[in-house]
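Student: First, the structure itself, so that you have it in front of you.
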Amino acid sequence: MATIEKKLEEMLTSPVEALGHRLWGLEYIQAGKHSILRVYIDNDKGIFIEDCAETSRQISAILDVEDPISTEFTLEVSSPGVDRPLFSAEQYGSYIDETVKIQLTMPVAGSRNLKGTVIGVEGQTLTLSVDGNELIIALDNIRRGNLIAKF
């Protein structure tokens, strides 16, 4: 996770929890005037549009005061959804035997894009079964990971 994302996560976790939600994760996508701060919140009871609106107002107020991002950006607050993005070892560990799709920074087994079943997580490494092969992947090598929804 980039430094700005770590700083934002530290800054926003407590206020999100005070609203009764979990900060599932966040993404800061830099694109000049079109930058996006996407904040994912979760709750055992589900996330509703009112939850996103209330959280967005709270986060906006904090960001206005703290001003951690010096350029223009759009704030988006949403539920992780069924194809939820995965950000931490804990989150990957919650989805043992589930299928995930990951994009890597550096290739593993000749590929930067993998789809496989989560076998386990130990420390900061993920073990993934891809086409019958077990691959060990450092979590800091994962650019983006998502759960593949089952219907």
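The values are calculated or read from the model by the stated rules, or taken from the named source; none is laboratory data. As the structure is a prediction and not an experimental result, all values here were calculated from the model. Glycine also receives a Cβ, built like all others from the backbone with ideal geometry; neighbour counts cover every protein chain displayed. Side chains are part of the model used for accessible areas, which takes the heavy atoms of the whole protein and leaves out ligands, DNA and RNA. Shrake-Rupley method; radii C 1.70, N 1.55, O 1.52, S 1.80 Å.
Student: Which residues, taken from the stretch 36-53, are touching a helix residue (DSSP H, G or I) at 6+ places or on another chain (Cβ under 8 Å) and crowded, with 19+ Cβ neighbours inside 10 Å?
Tutor: Here is the first cut: in the stretch 36-53, the residues touching a helix residue (DSSP H, G or I) at 6+ places or on another chain (Cβ under 8 Å) are 37, 39, 41, 43.
Leu37, Val39, Ile41 - these are the residues of the stretch 36-53 that are touching a helix residue (DSSP H, G or I) at 6+ places or on another chain (Cβ under 8 Å) and crowded, with 19+ Cβ neighbours inside 10 Å.
Student: Now for a different question. Please find, within the stretch 1-21, the residue that is surrounded by the fewest Cβ atoms within 10 Å (Cβ to Cβ) out of those that are within 12 Å of the chain's Cα centre (by Cα) and not aliphatic (A, V, I, L, M).
Tutor: The residue in question is Lys6.
Student: Only one of (1) under 17 Å from Glu5 (Cβ atoms); (2) touching a Ser or Thr at 6+ places or on another chain (Cβ under 8 Å); (3) outside any loop (DSSP other than H, G, I, E, B); (4) of a type outside the set (Gly, Ala, Ser) fails for Thr71. Which number is that?
Tutor: For Thr71, the exception is condition (3).
Student: State which residue is surrounded by the fewest Cβ atoms within 10 Å (Cβ to Cβ) when the search covers only the stretch 64-77 and only residues that are within 24 Å of Ala31 (Cβ to Cβ) and without any contact (Cβ under 8 Å) to a residue 24 or more places away in the chain. Outline the logic, then answer.
Tutor: Pass one, the stretch 64-77, residues within 24 Å of Ala31 (Cβ to Cβ): 64, 66-77.
When the remaining residues are screened for being without any contact (Cβ under 8 Å) to a residue 24 or more places away in the chain, the result is 64, 67, 70.
Values: Asp64: 8, Asp67: 8, Ser70: 6.
My answer is Ser70.
Student: Based on what the data block shows, is Val118 free of Cβ contacts under 8 Å to residues at least 40 places away in the same chain and under 30 Å from Gly46 (Cβ atoms)? Don't jump to the end; show me each part of the working.
Tutor: Details: free of Cβ contacts under 8 Å to residues at least 40 places away in the same chain: yes; under 30 Å from Gly46 (Cβ atoms): yes.
It is true that Val118 is free of Cβ contacts under 8 Å to residues at least 40 places away in the same chain and under 30 Å from Gly46 (Cβ atoms).
Student: Further, regarding this structure: Taking Lys33 as the residue in question, decide whether it is without any contact (Cβ under 8 Å) to a residue 40 or more places away in the chain, closer than 22 Å to Ile148 by Cα and either open to solvent by 30 Å² or more (accessible area, probe 1.4 Å) or touching a Leu at 6+ places or on another chain (Cβ under 8 Å) (or both). It would help to see each step written out before you state the result.
Tutor: Values: without any contact (Cβ under 8 Å) to a residue 40 or more places away in the chain: yes; closer than 22 Å to Ile148 by Cα: no; either open to solvent by 30 Å² or more (accessible area, probe 1.4 Å) or touching a Leu at 6+ places or on another chain (Cβ under 8 Å) (or both): yes.
Judged against the criteria, Lys33 is not a match.
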